[in-house]
Number of protein chains: 2
Amino acid sequence: MFSILKQEDRQLAPSPALPLGTDHGEGLGRESSEKRDEEPADFYGLGDPAAKFSQISPYLSSRGSIIKCFRDAAEEGYKAYHLDEYDEDKNPNGISQKPLRGNVTILFLDCGNGLSRDSRGRNEKAWETKRVFGQLNQRDMQHIEPPMLQYPDWKGHRWLRDEVAGFLTYYCKAPVPLKPENVVVVNGCASLFSALATVLCNPGEAFLISSPYYGAITQHVYLYGNVRLVYAHLDSRVTEMDGRPFQLTVRKLEIALQGAKSEGINVRGLILINPHNPLGDIYSQEQLQEYLDFAKRHELHVIVDEIYMLSVFDESAMFQSVLSMDRLPDPQKTHVIWGTSKDFGISGVRFATLYTENQDIANAVASLGCLHGVCGTTQYQMAQLLRDRDWINQVYLSENHSRLRAAHAYVTEELETLGVPFLRTKAGFFVWIDLRKYLHTDTFEEEFSLWRRFLDHKVLLSCGKAFECKEPGWFRLVFSDKIHRLRLGMQRIREVLGKEPQVAKTPSPCQPLEKSIQSR
Amino acid sequence: MFSILKQEDRQLAPSPALPLGTDHGEGLGRESSEKRDEEPADFYGLGDPAAKFSQISPYLSSRGSIIKCFRDAAEEGYKAYHLDEYDEDKNPNGISQKPLRGNVTILFLDCGNGLSRDSRGRNEKAWETKRVFGQLNQRDMQHIEPPMLQYPDWKGHRWLRDEVAGFLTYYCKAPVPLKPENVVVVNGCASLFSALATVLCNPGEAFLISSPYYGAITQHVYLYGNVRLVYAHLDSRVTEMDGRPFQLTVRKLEIALQGAKSEGINVRGLILINPHNPLGDIYSQEQLQEYLDFAKRHELHVIVDEIYMLSVFDESAMFQSVLSMDRLPDPQKTHVIWGTSKDFGISGVRFATLYTENQDIANAVASLGCLHGVCGTTQYQMAQLLRDRDWINQVYLSENHSRLRAAHAYVTEELETLGVPFLRTKAGFFVWIDLRKYLHTDTFEEEFSLWRRFLDHKVLLSCGKAFECKEPGWFRLVFSDKIHRLRLGMQRIREVLGKEPQVAKTPSPCQPLEKSIQSR
């Protein structure tokens, strides 16, 4: 039981090889969980991706040495995992599993693609991938025309951008048809973050983001762009103003922005993730409006990452894309990104799209497009995939949502039985669980230690630190997997927690509300 | 007759919209062709990609504004061209052509892919593309397995890197088998230049390169990496030491390196292009050894771009990959790049590979690999393509070389008839032609003006300035096209030159030698 880290997600697990003193200690001064008072600094943090890396290569530039360390950290975790690979016959207690195709794996770390890796280093598929695989494998998807083999417009082939515009118009419920000239297609959302960071910010400038957040964004904006993230820290406290744990409010954004300004950091934009990874939050129309108004007030760009927009599995939930709004507060500074990696479970295809009305930005990103190009035949396949709305609606999404609902229901029932509080979500592939009572002290060292004990029991979770969560003790548990594999994973979690002494603590303001959220 | 600019190549044509004063005048002070004395400064230039762009967008960072301008410049040329698109029926005198598949186009600008673009903005294929298209379109190439749809190792799938290592071992004649762990696969050579620039240099540092060179490298190392190029200027002068026009010598490299140092520019590496674009040169083993020894002496990395390695069409030529050398002077600082865009004419597939023994560099580039990922199914197709050595040798390369030979022979005979001197080449898709006698004055304004007159006659050539050639009056003529289309292109060139008065000039030292080269 296990899961292997996807490349992109590997850095979400702390590397056992990283020195604790730097990775899990020193960098946390400002956002220490010890502080429980309401002082503004509590809500604010400034990322410094280079701080935890110090190994200099004689062959690389100083930035090159830092860039390399991002991979080293990921590789270390990867190697540690591979020391005890799961094999149904030879090593049934291992962390990995048998490389049978269709034999998916518990994704307690991975974002729902249900992938595993066989001994030859190949990934196995999740149900999403399997379904889409069948679709892509049809003969009419395999079409090649010579123009696909030649240089395209770096914005993407026009016929694909037509398809993307139609697709987004339909699924984002745009009030008027979206335009292909506002679409730029590249090889993944990582590339969009990189390109947007570079064309919107100068080196050392920053984007504002609420934490916890999908941690890979740190490197996507930093590796090439040298752009940092300013954190508006959310926490589990519930106050009169914050009716829900980890609630994003404009006040918190304001505090973080002012904090950054007071340190001389130039913040150029706000990143919103909706539906949210790892919290699973879906922003209401009112919330969205408030965040966008805040951004306009401060002349910030807004990058809205809607990569989970088709993974809203709860039928009572109302997801609202910013593209559905009748009037954006600042349309020239509002930029939406989406890709097929999560909603269609095909991260290996490397396909994502930017939608922006701002032609300066579309063209600047397209200028970087020669470095983020997508194979022409892949562009054709994606156009075919996005075009087939009957299949998407009636076959793919209905099945996928139904499975996500069932898996979510199973995992959350188990968590309730275990007495583990969690944020109930209606979208995404994960639940955000509260294991603070199992920490001896409220430190990230303790969190890492608990993460390690899970790994020793062949369960690989993502700990909160990987998402820059300011409170130690939160974990992300991915449930987008087959029930029998989830069962094994939950059984192992139960074993770990059964051995852990629960530490008596001041009841968190989160807890009662957490219950009420659960019982909704 | 014409050719549309490939995206990547668009900047190789001066944009009619760029102000002459900045694009073709001011920037050239140091390397003015007026200077004919032997002073060292004559051999040295420092690129400043931002100098010619001044348009600032209120929405973009200052670097973003420059990045956008690279696309604007390309787009301007593109639009100007589209005002008079060729159509066999409706506009037979236009610059473009009918979009029939298989109906290729004179590639006087494009690097040999024979592409054109129909009215819907789609490219048409060259003979190389057509052949490879047939190969890729076979059923067994269309195979999809679910692992291909999931995140790969960002170095590329292991089975592909195995194939690449075997392919390079065979075609580069490596003395010992090359290793898959030294291979990193990304979406195009542009991405490799970008990644290597970033991990080897800090912002503002530089690579040394001899000019003229494939001009797109300027933006590949600059857009993200903010790395500049230091030019070792080659020219047509023939001296005792330089037996051939545009000969690259270590002395010139030394002068340029010292020039850069004297200006406080930190040069981190040397870029070699072999076979050379646009000169068509193939370096001998002795030359290669000298350049590599020079780099080792100065502790420089060497990036060897061998993207035309399978396009050596003259059977008497001996191409030698650096990977064939028994002992590299500095193996840890020698990095080879190759891709399928030119040799297989499939630039739209976005596939290139780095080979380096240096694991720091391989891992640093792989760390950026999440931004340059290749679709898993494309990786599979490339593995299949590279594996089929019977087809490559007996079908593809023999046919391709034979066509290149015929086209080269036709074009060079025509040039001789026209009395246009040129460098005779044995590799690549182009000849480097000397039109200096048609310039009224030796300036780049005049060169641009002549380029414009060709365009007015529906011939789109690449002028020397696009390759940072220091001598005005040289052009690159691409010949990898069908004979009947080459015939039309040459006829139009004849018409233009027939109207041009030839300016009496001091005979260039190049000319007699040029003749002797031609008559070899």
Inter-copy label distances at B:Glu263 (7 Å, Cα→Cβ; nm, one decimal): 3.7
With the full set of protein chains present, the residues of the range A:355-370 whose 1.4 Å probe accessible area falls by 40 Å² or more relative to the chain alone are A:Asp360, A:Asn363, A:Ser367, A:Leu368, A:Cys370
Charges at C-beta only: +1 for Lys and Arg, -1 for Asp and Glu. How large is the resulting dipole of the range B:143-286 about its Cα centre, in Debye rounded to 20? 120 debye
Between chains A and B, what is the buried accessible area summed over both chains (1.4 Å probe, protein heavy atoms, nearest 100 Å²)? 8100 Å²
Whole-Hz couplings from phi, Karplus 6.51/-1.76/1.60, listed for the range A:449-455; x for Gly and Pro: 5, 5, 4, 5, 5, 4, 4
Based on the Cα gyration tensor of the range B:359-477, what are the three equivalent ellipsoid semi-axes, each the root of five times an eigenvalue, rounded to whole Å and given largest first? 38, 24, 13
Built amide H within the under 5 Å cut-off of B:Ile273, gap 5+: B:Asp305
Can you run phi through the Karplus equation (6.51, -1.76, 1.60; θ = phi - 60°) for the range A:268-277 and list ³J(HN,Hα) in whole Hz, with x for Gly and Pro? 9, x, 10, 9, 10, 10, 8, x, 8, 10
Once the Cα gyration tensor of the range B:143-387 is diagonalised, what are the square roots of 5 times its eigenvalues, in whole Å and ordered largest first, as equivalent ellipsoid semi-axes? 30, 20, 16
Could you give the radius of gyration (one decimal) and Dmax (whole number) of the Cα atoms in the range A:266-399, in Å? 15.9, 47
Please compute the contact order of the range A:140-391 in relative form: average sequence separation of alpha-carbon pairs under 8 Å and at least six residues apart, divided by the residue count, as a percent. 28 percent
For a distance above 20 Å, tell me the whole-number percent of Cα pairs in the range B:325-405 that qualify. 49 percent
q = 0.18, 0.20 Å⁻¹, the range A:236-282: log10 I(q)/I(0) [Debye, one scatterer per Cα]: -0.70, -0.81
Rg and Dmax in Å for the range A:216-334, alpha carbons only: what are they? 14.7, 45
Just to confirm the filter: which trypsin sites (Lys or Arg not before Pro) across the range B:268-355 are DSSP coil and have at most 14 other Cβ within 10 angstrom of their Cβ? B:Arg327
Would you mind getting the accessible area per residue of the range B:143-387, heavy atoms of the protein chains only, 1.4 Å probe, in Å²? 25 Å²
What is the Cα centroid distance between the range B:138-209 and the range A:296-315, reported in whole angstrom? 34 Å
Note to self: Kirkwood Rh of the range A:150-250, Cα pairs, one decimal, Å, is 16.3 Å
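On a 23 Å Cα-Cα criterion, which of the cross-link pairs A:Lys68/A:Lys465; A:Lys437/A:Lys499; A:Lys173/A:Lys482; B:Lys52/B:Lys333 come out too long?
A:Lys173/A:Lys482; B:Lys52/B:Lys333
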Quick one: accessible surface of A:Arg492, probe radius 1.4 Å, all protein chains present, in square angstrom to the nearest 10. 20 Å²
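For the range B:143-387, what % of the accessible area comes from carbon and sulfur atoms, probe 1.4 Å?
47 percent
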Nearest-5 percent of antiparallel DSSP beta bridges in the range A:140-391? 30 percent
The answer for B:Phe313, listing residues at least 5 apart or on another chain whose modeled amide H is closer than 5 Å to its amide H, is B:Ala427, B:Gly428
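The values are calculated or read from the model by the stated rules, or taken from the named source; none is laboratory data. Just so it is clear, the model here is predicted, and its values are computed rather than measured. As a convention, Cβ positions derive from the backbone with ideal geometry for all residues, glycine included, and neighbour counts pool all protein chains shown. Ligands, DNA and RNA are excluded from the accessible area calculation, which covers all protein heavy atoms including side chains. Shrake-Rupley method; radii C 1.70, N 1.55, O 1.52, S 1.80 Å.
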